[in-house]
Amino acid sequence: MAARQIDICVLDSALSDPVKTAVVKTARLAQPAPVVFVTAARGATRIKGINGMLAKPKTVADARRLAEICIRTKVPTRVLIVDDSSTMRRIVRKILSASLFALDVHEAAEGATALDALKNGKFGLVFLDYNMPGFNGLETLSEIRRENPDVAVVMMTSTVDHALAERAYKEGVVDFLKKPFYPADIDGVLERYYCVHLAGSATA
């Protein structure tokens, strides 16, 4: 009988180093390779070859939450990139396509189109530009919050304006990205969204 495919491997940091090393090595040889997490206290030493760190559960509720996080990394999350610049949409899409997480990425060139997309399909995460013709980012955000209160919205802007960022947070954005931003910045957004600390991330 062929070996069953394993999608996710979660290692306890309390296991001996030889055991953890052997498991990671075996996982990396598998095709396709599973996502490998280690549960540990924040700030613990990383293990070479893993994908990320998860908070070690202390209660049954914590363990249930950990299982939900693991499942979310494999179940596709629908993501909408809203920006009137096709170049910026392409950059964000490229970064997201290289992510550890399963992401189903869609695009909209302006606010009204984004609102139509959100009405016609369930999205988990929206990257929303502030400076757009027609509905600007805050106006679009207000409508998103009214119609889709559960979607997580990340505001993107080249405008240096602390008042804008403060207002956006008050309106319910989960993160604020100042252009130009880098892959590590989007990795940080995804870490906070999924509650995972990615291996090698500066935000972990």
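For this structure, a couple of remarks:
- Segment V75-C195, extension gain: residue separation times 0.36 nm, minus the distance between their alpha carbons: 41.7 nm
- Sequence ranges 72-80, 86-94, 116-124, ranked by mean other-Cβ count within 10 angstrom, highest first: 72-80, 86-94, 116-124
- Computed over protein heavy atoms with a 1.4 Å probe, the accessible surface of the chain works out to 55 Å² per residue.
- Of all accessible heavy-atom area on region 22-96, the percent that carbon and sulfur account for (1.4 Å): 60
- Where only DSSP H runs of four or more residues are counted, the chain gives -12500 deg cm²/dmol as its mean residue ellipticity at 222 nm, each run worth -39500 (n - 2.57).
- By DSSP, the beta bridges lying fully in the chain are antiparallel in about 5 percent of cases.
- Extension reserve of the A22-A41 stretch, reckoned as 0.36 nm per residue once the Cα distance is removed: 4.7 nm
- The alpha carbon centroids of region 15-86 and region 118-160 are separated by 29 Å.
- Of K58/K170; K20/K122; K20/K74; K25/K58; K119/K179, pairs whose Cα-Cα distance is over 30 Å: K58/K170; K20/K122
- Using the Cβ of L66 as centre and a radius below 12 Å, the other residues enclosed give a net charge of +2, where K and R count +1 and D and E count -1.
- Cα point-scatterer Debye curve for the chain, base-10 log of I(q)/I(0) at q = 0.09, 0.15, 0.18 Å⁻¹: -0.40, -0.96, -1.21
- 5 Å binning of all Cα-Cα separations within region 12-59, expressed as whole percents from 0 upward: 5, 21, 32, 23, 13, 5, 1
- FRET efficiency for the S142 to K178 pair, using the beta carbon distance and R₀ = 22 Å, is estimated at 0.55.
- Percentage relative contact order, the chain, counting C-alpha pairs under 8 Å, at least six apart: 16
- Apportionment of accessible area to carbon and sulfur, region 128-198, percent (1.4 Å): 52
The values are calculated or read from the model by the stated rules, or taken from the named source; none is laboratory data. Bear in mind that the values here come from a model prediction, so they are computed numbers and not experimental data. Heads up, the Cβs are rebuilt from the backbone with ideal geometry, glycines too, and the neighbour counts pull from every protein chain shown. Accessible surface areas use protein heavy atoms only, side chains included; no ligands, DNA or RNA. Shrake-Rupley method; radii C 1.70, N 1.55, O 1.52, S 1.80 Å.
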